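The values are calculated or read from the model by the stated rules, or taken from the named source; none is laboratory data. Treat the numbers as computed from the prediction; the structure is a model and nothing was measured. For neighbour counting, all protein chains shown are included, and Cβ atoms are generated from backbone atoms with ideal geometry for every residue, glycine included.
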There are 2 protein chains.
Amino acid sequence: MKDILALDVGGTHIRSAWVTDSGMRDDERVHADLRGLTTAAGAGAQEALLAALVQHIELRLEEGNAHAVALGMPGFIDRHGVIAASPNLPGISDFPLKRLLGERLTLPVTVANDALCAARGAWLLEDPRPPSLAMLTLGTGVGGGLVLDGRPVIGDGGTAMEIGHIPMVPKGHPCGCGKRGCLEQYASATALTRIDAEAGGPGRDARELAEAANSGEARAREIYQDAGRYLGLGVATLVQLVDVRTVRIGGGLTRSWNLLEPGLRSSLDENLIPPLRGKIDVAPVAPERIDQIALLGAADLACLDLI
Amino acid sequence: MKDILALDVGGTHIRSAWVTDSGMRDDERVHADLRGLTTAAGAGAQEALLAALVQHIELRLEEGNAHAVALGMPGFIDRHGVIAASPNLPGISDFPLKRLLGERLTLPVTVANDALCAARGAWLLEDPRPPSLAMLTLGTGVGGGLVLDGRPVIGDGGTAMEIGHIPMVPKGHPCGCGKRGCLEQYASATALTRIDAEAGGPGRDARELAEAANSGEARAREIYQDAGRYLGLGVATLVQLVDVRTVRIGGGLTRSWNLLEPGLRSSLDENLIPPLRGKIDVAPVAPERIDQIALLGAADLACLDLI
């Protein structure tokens, strides 16, 4: 791998690292506060985001000679690096970020969905490397990325692995996407808080609920178990559609893997055709490793020159 | 494409055709009755199937010089051409058909899932050719095949696109696979008959139900509409996982496309995230064309030399 400056861009931050043949050249991250920049609507938000990215990248390029710049970002990003929409970056739509950054930096630029970057990075780090790997990220929503037969799945229009929005519960809870009953309404951190409140609880956040569950509170345990069961159902659906047998779970909720795992595993097995039962390798990725994995995956996607 | 002898093997038949650069060299099919051969259990059924295939193929090879032999068959078939199991071919399990046929014929042999062959053939015939295409086949069960970014999706273990077995209805109707509530229990020809009987009807077959529906019978129309709605839900799930935007529906039930289509389209749209709505090209493949399409696809898979 050539020297690549990889960025992980979120709703409120930019993290970056140099990725080289020997792995991360540093694990020092530069953080930048994006809040305020992307809350302005329309072209203003897009210009502000572009300016913040250029500023950050140019600063880091003073440290070395990059062959390419790779960005992982939330949202629907097609293979031309156009961000169609990004729920976590309000005001950004149909934004040709790859082209605009390329013009400003005069360097090859890759822009890819952040969960796809995480899937790619996790796949690279597996030993032995499996043919395929799916990554689910559990945070405020449920995201996903897929590597199939060694190739990243981008989708015809850049919306592959929107597993957070597969239908789970007919006429279920309204989702931010405009539909009802999506997986992320039952298996994200946000969902746990809502479900706690609906069950008469104080609407505790995922960490408070985990503390209660680990202290033996039955309701809190059940909320995590149900979330695990919905995840198992989602993973079983995915596995039966693409026959991916290595599944990694990332994101903040994996801090409570002990609480999610039993429901996830039993529901996964129940919802798989018998020849697939017991054949799916599901494991969490530690929350403190997922950012680095996504940066590594972004850099590798830049090398593939697909997007 | 070199000259390839392509076979479509089902529970009761073998069909075959020569496929060349200029398409099908003939559309004459040789039918053979496999009934009785594959009903014996265990090694006997496997030996009988192998013998029937060798006999058929050797007869047809007298007509020309084949570069390869390509078989499309129902069942879970891995990339080494081992049939792990085949619900429509009882007695066949962990059967290394590709290797055994290759030894007997001293020719390259490809063995692939029949719905994958149909997906590949349909993808080849599209003009312009889309990046990806999914095929669903509606018959006694619901099968599927997927071409993603121009490549056939086989899956880590050969069970990709088991869309007939994705979970649809919690604690739903028992499925032949051993689970409950699978899609094929709500959207196959077999399902329609059962649902008619459950609703107090005489348990009519798909054709009788279609006649009744087209004559204005409300219950028969509703049975088709509900099947269409379940299909739409399944397609929406698939689309949100791999972002395939070209979907073809094959199999006997497409004779009643007029009855399936309204439920399918409305349910598909309702269950897609808004950016995907109206962007999925769904169309039926005429039942009389699907066999030829599968033979063409099998031949092309042989050329790819992936399986």
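Points worth noting:
- Count of region A:224-243 residues, restricted to those that are within 8 Å of another protein chain (Cβ to nearest Cβ) and over 21 Å from A:GLY139 (Cβ atoms), is 5.
- Hits in region B:141-154 - residues which are part of a loop (DSSP other than H, G, I, E, B), in contact (Cβ under 8 Å) with a residue 24 or more places away in the chain and within 9 Å of chain A (Cβ to nearest Cβ): B:VAL153, B:ILE154
- Qualifying residue in region B:177-192 (condition: more than 18 Å from the chain's Cα centre (by Cα) and part of a helix (DSSP H, G or I)): yes
- Looking across A:ALA212, A:ALA189, A:ALA199, A:ALA218, one residue alone is more than 13 Å from chain B (Cβ to nearest Cβ), in contact (Cβ under 8 Å) with a residue 60 or more places away in the chain and of a type outside the set (Phe, Trp, Tyr). It is A:ALA189.
- The listed residue being in contact with a Lys or Arg (Cβ under 7 Å, 6 or more places away or on another chain) and at pLDDT below 95, out of A:ASP78, A:ASP94, A:ASP156: A:ASP156
- Residue selected from region A:265-297 under the condition farther than 18 Å from A:LEU233 by Cβ, aliphatic (A, V, I, L, M) and over 13 Å from the mean Cα position of the chain (by Cα), by the criterion farthest from the other protein chains (Cβ to nearest Cβ): A:ALA286
- For B:LEU116, the criteria (1) more than 13 Å from chain A (Cβ to nearest Cβ); (2) in contact with a Pro (Cβ under 6 Å, 6 or more places away or on another chain); (3) assigned to a helix (DSSP H, G or I) hold in every case but one, which is (1).
- Per the listing B:LEU100, B:LEU136, B:LEU107, the residue uniquely of a type outside the set (Ser, Thr, Tyr) and assigned to a helix (DSSP H, G or I) is B:LEU100.
- Selection within region A:112-139 - buried (at least 18 other Cβ atoms within 10 Å of the Cβ) and over 16 Å from A:ASP291 (Cα atoms): A:PRO131, A:SER132, A:LEU133, A:ALA134
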